[in-house]
Amino acid sequence: MLSVEDNEMLTRVGPRTPMGELFRRFWLPALVTSELPDRDGPPVRIRLLGEDLVAFRDSSGRVGIIGARCPHRLAPLFFGRNEEGGLRCAYHGWKFDVGGTCLDMPNEPPERQFKQRITQTAYPTREQGGVIWVYMGPSAVMPDKIPQFEWVQAPEGHQFVAKWLQRTNWCQGMEGEIDTSHISFLHSMKEVYNPEALVAQSPSVLEKAALDGAPRLTLLETPYGFSYGSRRRYEDRYYWRVTRWLFPMYSLIPGTAHGGAGRCWVPVDDEHTFTFHYQCRDDRPFNDAEIAQFSEGGGFPPRMERTKYVLRDGGIIDTWVPTANLENDYLIDRQMQRDVNFTGIWGVNEQDRSLQEGMGPIVDRTKEHLGTADIAVLSARRLLLNMAKKLMQGDEPTLPQDAAAYNLRPLEVLDPEDDFRSILEKYDATLGAAAF
Ligand code: FES
Ligand SMILES: [Fe+2]
């Protein structure tokens, strides 16, 4: 459990909050590229870390992420004209470029030079790995590079990314990801704990082969966060599965062929989150059939639709919203719960969100009773709170500057080595290549 103060610090992400300031030290995924497909195309409303913003792609292809409201009389720039290198407010025609410079102010006499004195909030952006990234922190400590995940560096088409809205605080989603013991229940088929049924659902041949009901779990803190390993006996070797957690909210999960997959939780505000899913393969681009299959739901992303969404405080964003949600009880089917799976809810993300969103927007962590199965959750909280507290004292984190630290894979290997630290040293050096 956490103290009231620590729960507040962990979950509040608005401007000038400790956790909000920590997130602002990292490049963050803001949009997927497909949200802004065209130059001079329609702008997109987003909110990040409690700030309302509008994203647009200008005439030269650059992406701007700027304040959502015009500095003249605070009209929404979303209704503006995206034309000739900037976004022009529909009210009185003030126009801003991707850097926030006011390019035109047609309702003021030019001799007043008022235009030169007005700038719009604008954040630096980058585009790589099918994602538009944003940096919202102080320019003096802006990292040169975005995190160099394998899926980010992969050639175009070799990665698959998706984004959708989760209606909870960011930490609730992130904690669900590293809460390994729920998989045997929430995501299982009919029986409460049936390793054979679980393994039958897994795409991994190795996992099928390495059925050992009592894996040994080890967590090792690292400069990027932690690695969490499970070791199972397999003939004369061990079958290792290694999950990564990377600051401030990324996962890399083994079990998907060719490079693994993961998710991250980008705070929209205290009570809403953009979940990003990413996966990549190193052998070839994903083909159309695979992309179509991902889009059908069942795994990540969930079934969802692109829509305008009204946030709890009345703010508006444009995003993908899952079809199964709090209003329709995640389409729970009690017959299916009796006969088919543990929850009666279809889809892995739907299952996760039913409980995470059902906890309420910000769960009261002072009332929890955590056990040994919750070690990864406890570690992530402690590491984040420590980093945020240090930053409050002026101690800047160094990890954001180390983009290469993110060039990791989750691991799934057969190896006679029984020591987790040795496994990490061995495979991290080679990025997990040729693991088998
Ligand atoms: S409110 Fe935007 S130009 Fe007047
Ligand atoms: Fe889950």
Given the conditions (1) touching a residue at least 12 places away in the same chain (Cβ under 8 Å); (2) surrounded by 15 or more Cβ atoms within 10 Å (Cβ to Cβ); (3) over 24 Å from Val44 (Cβ atoms), and given that Val340 satisfies all but one, which numbered condition is not satisfied? (2)
Of all strands (runs of 3 or more DSSP E) completely enclosed by region 95-154, which ones contain at least 2 residues that are farther than 26 Å from Pro248 by Cβ and in the same structural domain as Pro71 (by TED's automatic domain parsing)? 102-104
Subset of region 174-190 (residues that are near ligand 2 (Cβ under 10 Å from one of its atoms) and not in a loop (DSSP other than H, G, I, E, B)): Gly176, Glu177, Thr180, His182, Ile183
Does Met9 fit the bill of being closer than 29 Å to Leu384 by Cα, modelled with pLDDT under 95 and either touching an Asp or Glu at 6+ places or on another chain (Cβ under 8 Å) or not assigned by TED's automatic domain parsing to the domain that holds Gly371 (or both)? no
Candidate set from region 180-199 (those that are within 17 Å of Met336 (Cβ to Cβ) and not polar (S, T, N, Q)); member that is modelled with the lowest pLDDT: Val192
Could you list all residues from region 399-413 that are outside any helix (DSSP H, G or I) and surrounded by fewer than 17 Cβ atoms within 10 Å (Cβ to Cβ)? Asp402, Asn407
Could you check how many residues of region 330-381 are under 30 Å from Ser295 (Cβ atoms), part of a helix (DSSP H, G or I) and away from ligand 2 (no atom under 16 Å from the Cβ)? 7
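Just to verify a result, which residue in region 319-336, among those that are in contact with a Pro (Cβ under 9 Å, 6 or more places away or on another chain) and not polar (S, T, N, Q), is nearest to Thr33 (Cα to Cα)?
Step one: of region 319-336, the residues in contact with a Pro (Cβ under 9 Å, 6 or more places away or on another chain) are 320, 322-324, 330.
In the following step, the residues that additionally are not polar (S, T, N, Q) were identified as 320, 322, 324, 330.
Values: Trp320: 13, Pro322: 19, Ala324: 25, Tyr330: 28 Å.
Restricting to residues being in contact with a Pro (Cβ under 9 Å, 6 or more places away or on another chain) and not polar (S, T, N, Q), the top hit is Trp320.
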Does region 157-164 include one or more residues that are surrounded by fewer than 22 Cβ atoms within 10 Å (Cβ to Cβ) and among the polar types (S, T, N, Q)? no
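The values are calculated or read from the model by the stated rules, or taken from the named source; none is laboratory data. None of these values were measured; they are calculated from a predicted model. When we count neighbours, we look across all protein chains shown, and the Cβ atoms used for this are built from the backbone with ideal geometry, even at glycine.
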